Amino acid sequence: MEFSQEDLGQIVNDIWTSMLGFPVQTRSAPAEMNGTRHLSASVQISGGWDGTVLVSCAEDLARKVAATMFDVDESTTTDDEIRDALGEVANMTAGNVKALVESYCRLSLPMVAEGRELAISIPGSRVVAQASFDCDDAPLTIEVYEKAA
């Protein structure tokens, strides 16, 4: 199954701008996050189509999202709230990707990794869609992987 950059752009706009209130702008080049502390959250889709959705952003942006979701001041957000918030964003993103699949699928629980030099590998999968954005002056990337048949 193929997903267009426009599909991802619409999903990101619906979640980040409409729901969370963070305007996003599409980047022409992939965002580079290594070297800065960032988080990546993944959700697997399985059933009639098997794949993974990966959402990555700078820690500062994830903190702002957590503050918005939990209606708290940014300075008081906990690490657990930050991970929970990005995991929920990944879950919403995967749910929207799943809606584009024409067969029954289910979502896994989100998994979140954090650090400065993350190397995330999804063995047996290939990237079928990728889009990078600027959101509140921070990089944001969305990748959709499809499990090889």
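Read-outs: derived from the displayed coordinates by stated rules, not from any lab. Because the structure is a prediction, the values reported are computed rather than measured. Note that we place each Cβ from the backbone using ideal geometry, even for glycine, and neighbour counts take in every protein chain shown.
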Taking segment 28-60, which residues are crowded, with 21+ Cβ neighbours inside 10 Å and among the aliphatic types (A, V, I, L, M)?
-> M33, L39, A41, V43, I45, V53, L54, V55
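Results for (1) aliphatic (A, V, I, L, M); (2) under 17 Å from the mean Cα position of the chain (by Cα); (3) closer than 14 Å to I15 by Cβ, shown as yes or no for each residue.
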site: E59; (1), (2), (3): no, yes, no
site: M69; (1), (2), (3): yes, yes, yes
site: G124; (1), (2), (3): no, no, no
site: V128; (1), (2), (3): yes, yes, no
site: A131; (1), (2), (3): yes, yes, yes
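Just to be sure, is P110 surrounded by 15 or more Cβ atoms within 10 Å (Cβ to Cβ), of a type outside the set (A, V, I, L, M, F, W, C) and over 26 Å from S46 (Cα atoms)? Spell out how you get there, then give the answer.
Numbers: surrounded by 15 or more Cβ atoms within 10 Å (Cβ to Cβ): yes; of a type outside the set (A, V, I, L, M, F, W, C): yes; over 26 Å from S46 (Cα atoms): no.
For P110, the condition - surrounded by 15 or more Cβ atoms within 10 Å (Cβ to Cβ), of a type outside the set (A, V, I, L, M, F, W, C) and over 26 Å from S46 (Cα atoms) - is not met.
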Taking segment 54-67 and keeping residues in contact with a Phe, Trp or Tyr (Cβ under 8 Å, 6 or more places away or on another chain) and outside any helix (DSSP H, G or I) leaves L54
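Going residue by residue through segment 118-128, is there one that turns out to be part of a loop (DSSP other than H, G, I, E, B), touching a strand residue (DSSP E or B) at 6+ places or on another chain (Cβ under 9 Å) and under 15 Å from L61 (Cα atoms)? Talk me through it step by step, then tell me what you get.
First, the residues of segment 118-128 that are part of a loop (DSSP other than H, G, I, E, B): 118-124.
Okay, now just the ones that are also touching a strand residue (DSSP E or B) at 6+ places or on another chain (Cβ under 9 Å), so 118, 120, 122, 124.
The next check asks that each one be under 15 Å from L61 (Cα atoms); those that pass are none.
No, segment 118-128 has no match at all.
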Would you check if A113 is assigned to a strand (DSSP E or B), in contact (Cβ under 8 Å) with a residue 40 or more places away in the chain, closer than 25 Å to A29 by Cα and of a type in the set (A, V, I, L, M)?
-> yes
Quick count over segment 27-53, residues being in contact with an Asp or Glu (Cβ under 9 Å, 6 or more places away or on another chain), in a strand (DSSP E or B) and over 29 Å from D71 (Cβ atoms), is 3
Would you point out which residue out of L20, L107, L54 is touching a residue at least 24 places away in the same chain (Cβ under 8 Å) and farther than 19 Å from M1 by Cα?
-> L20
Tell me, which residue of segment 86-107 that is surrounded by 15 or more Cβ atoms within 10 Å (Cβ to Cβ) and among the polar types (S, T, N, Q) is farthest from the chain's Cα centre (by Cα)?
-> N96
Does any residue of segment 94-104 turn out to be out of contact with any strand residue (DSSP E or B) (no Cβ under 8 Å at 6 or more places or on another chain), without any contact (Cβ under 8 Å) to a residue 60 or more places away in the chain, part of a helix (DSSP H, G or I) and farther than 27 Å from S4 by Cα?
-> no
Within segment 68-83, residues being in contact with a helix residue (DSSP H, G or I) (Cβ under 7 Å, 6 or more places away or on another chain) and either within 15 Å of G21 (Cα to Cα) or part of a helix (DSSP H, G or I) (or both) number 5
